[in-house]
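Engineer: Before I ask anything, let me first share the structure, which is written out below as structure tokens.
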Amino acid sequence: MYDLIIVGGGPAGLTSAIYACRAGLKTLVLEANACGGQIIVAADIENYPAAMHISGLDFAKRLEEQAEELGAEIEFDKVIAIEDKGETKLVRGEDNEYEAKTVIIATGTEPRKLALENEEELIGHGVSYCATCDGPLYKDKIVAVYGGGYSAVGEANYLSNIAKRVYIIHRRDEFRASAKMIEKLKAKDNVELILNSTITSLNADKNLKSITIESNGETKEIEVDALFVSIGRTPSTSAFKDIRTTEDGYIEGDQCRTNIPGVFVAGDCRVKDVRQLVTATADGAIAVNEVQKYLQK
């Protein structure tokens, strides 16, 4: 029996583990894939206090090591359901079942896909959602990034240091990233910006060979070795049937409390205005504070 089970090993979940262990709570973190969450794709963190110029992967590793050093248990098992048993909660994973007095859901979000033919089959064969993960595979190759936000521009900048040529394609006429990031990208000789354009098809045999884009009713084919899709994310909350969410799946949680007593939420899967690394870690601390209040009652 655990005092707390944390579902998700990203910054919110691992921060929750750190605070929980320091509070003397027997804590288990359940992670479906690898610890770190979305931040591992960041090549260089610039906006987290006192952590400038550290990669997202290194930041995540330090969080994981800190949580384990303080006594958190970390297991890799995909959670498929949480059952409210009143004073205890049953957490069902694909491999095992776990029991705790409280639960924090910190499952974050997952990449939004293009919904194009062949997309699923081409994952790992030229289509990727993580430049930091897969970018080194395309050293001196031609790649494209699809998206116009901070993540897309950051990935294009990262890839420009690896790839021979980088196309960044955005469906609007301007990017949503900061002016500083755009200026940095425009200064790269091997980067080409393609605006007001959408990708309409992925052309491949076994591996991706080219993409077709449409702009103002005209189509054009661009030869690429890889496409990195960065068009937003959706909350990873479909497993939690009894938890109150918005229509698009974000968990409603005032002060990180859900509609089920003893079940809390932290990080990007929660309804909130700002989804950044700093707000994810803040959620972790707040959620554990609420856990302590609940247990004391």
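Engineer: So which residues in segment 61-110 are in contact with a helix residue (DSSP H, G or I) (Cβ under 8 Å, 6 or more places away or on another chain), part of a helix (DSSP H, G or I) and open to solvent by 80 Å² or more (accessible area, probe 1.4 Å), if there are any at all?
Structural biologist: Gln66
Engineer: Look through segment 23-53, keep the residues that are at pLDDT 90 or above and farther than 24 Å from Thr234 by Cα, and return whichever of them is surrounded by the fewest Cβ atoms within 10 Å (Cβ to Cβ).
Structural biologist: Ala50
Engineer: Among the residues of segment 129-145 satisfying the criterion of being at pLDDT 95 or above and surrounded by 24 or more Cβ atoms within 10 Å (Cβ to Cβ), which is nearest to Thr234 (Cα to Cα)? Outline the logic, then answer.
Structural biologist: Step one: of segment 129-145, the residues at pLDDT 95 or above are 138-145.
Restricting the remaining residues to those that are surrounded by 24 or more Cβ atoms within 10 Å (Cβ to Cβ) gives 143-145.
Values: Val143: 24, Ala144: 22, Val145: 19 Å.
Looking at residues that are at pLDDT 95 or above and surrounded by 24 or more Cβ atoms within 10 Å (Cβ to Cβ), I get Val145.
Engineer: Going through segment 182-196 one residue at a time, which ones are in contact (Cβ under 8 Å) with a residue 24 or more places away in the chain and either under 16 Å from Val143 (Cβ atoms) or among the acidic types (Asp, Glu) (or both)? Explain how you work it out, then say what you get.
Structural biologist: Taking segment 182-196 as the starting set, the residues that turn out to be in contact (Cβ under 8 Å) with a residue 24 or more places away in the chain are 182, 184-185, 188, 190-196.
Those that are in contact (Cβ under 8 Å) with a residue 24 or more places away in the chain and either under 16 Å from Val143 (Cβ atoms) or among the acidic types (Asp, Glu) (or both): Leu185, Lys188, Asn190, Val191, Glu192, Leu193, Ile194.
Engineer: If you go through segment 249-288 one residue at a time, how many are closer than 17 Å to Thr102 by Cα, β-branched (Val, Ile, Thr) and not in a loop (DSSP other than H, G, I, E, B)?
Structural biologist: 5
Engineer: Here's another thing I want to ask about it. List every residue pair whose Cβ atoms sit under 6 Å apart, with the two residues 6 or more apart in sequence or on different chains, where the first one lies in segment 55-77 and is on the phi < 0 side of the Ramachandran plot and the second, anywhere, is of a type in the set (Ser, Thr, Tyr).
Structural biologist: Hits for this filter: Ala72/Thr27.
Engineer: OK, next. Name the pairs whose Cβ atoms lie under 9 Å apart, with the first residue in segment 121-142 and in contact (Cβ under 8 Å) with a residue 12 or more places away in the chain, the second open to solvent by 70 Å² or more (accessible area, probe 1.4 Å) and among the acidic types (Asp, Glu), and 6 or more positions between them or separate chains?
Structural biologist: Partner pairs satisfying both residue conditions: Val127/Glu120; Val127/Glu121; Tyr129/Glu110; Ile142/Glu223.
Engineer: Also, quick follow-up: Are any residues in segment 1-51 among the hydroxyl-bearing types (Ser, Thr, Tyr) and part of a loop (DSSP other than H, G, I, E, B), and if so, which ones? Please lay out each step first, then the result.
Structural biologist: The initial filter retains those residues of segment 1-51 that are among the hydroxyl-bearing types (Ser, Thr, Tyr), namely 2, 15-16, 19, 27, 48.
Once the filter is applied, which keeps residues that are among the hydroxyl-bearing types (Ser, Thr, Tyr) and part of a loop (DSSP other than H, G, I, E, B), segment 1-51 yields only Tyr48.
Engineer: Next up: Would you check if there is a residue in segment 116-124 being part of a loop (DSSP other than H, G, I, E, B) and under 21 Å from the mean Cα position of the chain (by Cα)? Lay out the reasoning, then the answer.
Structural biologist: We begin by selecting, within segment 116-124, every residue part of a loop (DSSP other than H, G, I, E, B); these are 116-118, 124.
Those left that are additionally under 21 Å from the mean Cα position of the chain (by Cα): 124.
There is at least one residue in segment 116-124 that is part of a loop (DSSP other than H, G, I, E, B) and under 21 Å from the mean Cα position of the chain (by Cα).
Engineer: Would segment 204-227 turn up any residue that is touching a residue at least 24 places away in the same chain (Cβ under 8 Å), under 27 Å from Asp173 (Cα atoms) and part of a loop (DSSP other than H, G, I, E, B)?
Structural biologist: There is at least one residue in segment 204-227 that is touching a residue at least 24 places away in the same chain (Cβ under 8 Å), under 27 Å from Asp173 (Cα atoms) and part of a loop (DSSP other than H, G, I, E, B).
Engineer: Considering each of Val278, Val288, Val271 in turn, give the residue that is assigned by TED's automatic domain parsing to the domain that holds Gly9 and open to solvent by less than 10 Å² (accessible area, probe 1.4 Å). Full working, then the answer.
Structural biologist: Values: Val278 fails: open to solvent by less than 10 Å² (accessible area, probe 1.4 Å); Val271 fails: open to solvent by less than 10 Å² (accessible area, probe 1.4 Å).
Exactly one of Val278, Val288, Val271 is assigned by TED's automatic domain parsing to the domain that holds Gly9 and open to solvent by less than 10 Å² (accessible area, probe 1.4 Å), namely Val288.
The values are calculated or read from the model by the stated rules, or taken from the named source; none is laboratory data. Computed from a prediction, not measured in an experiment: that's the story for all the values here. Virtual Cβ from ideal backbone geometry, glycine too; neighbours counted across all protein chains shown. Areas reflect the complete protein model, heavy atoms only, side chains present, ligands, DNA and RNA absent. Shrake-Rupley method; radii C 1.70, N 1.55, O 1.52, S 1.80 Å.
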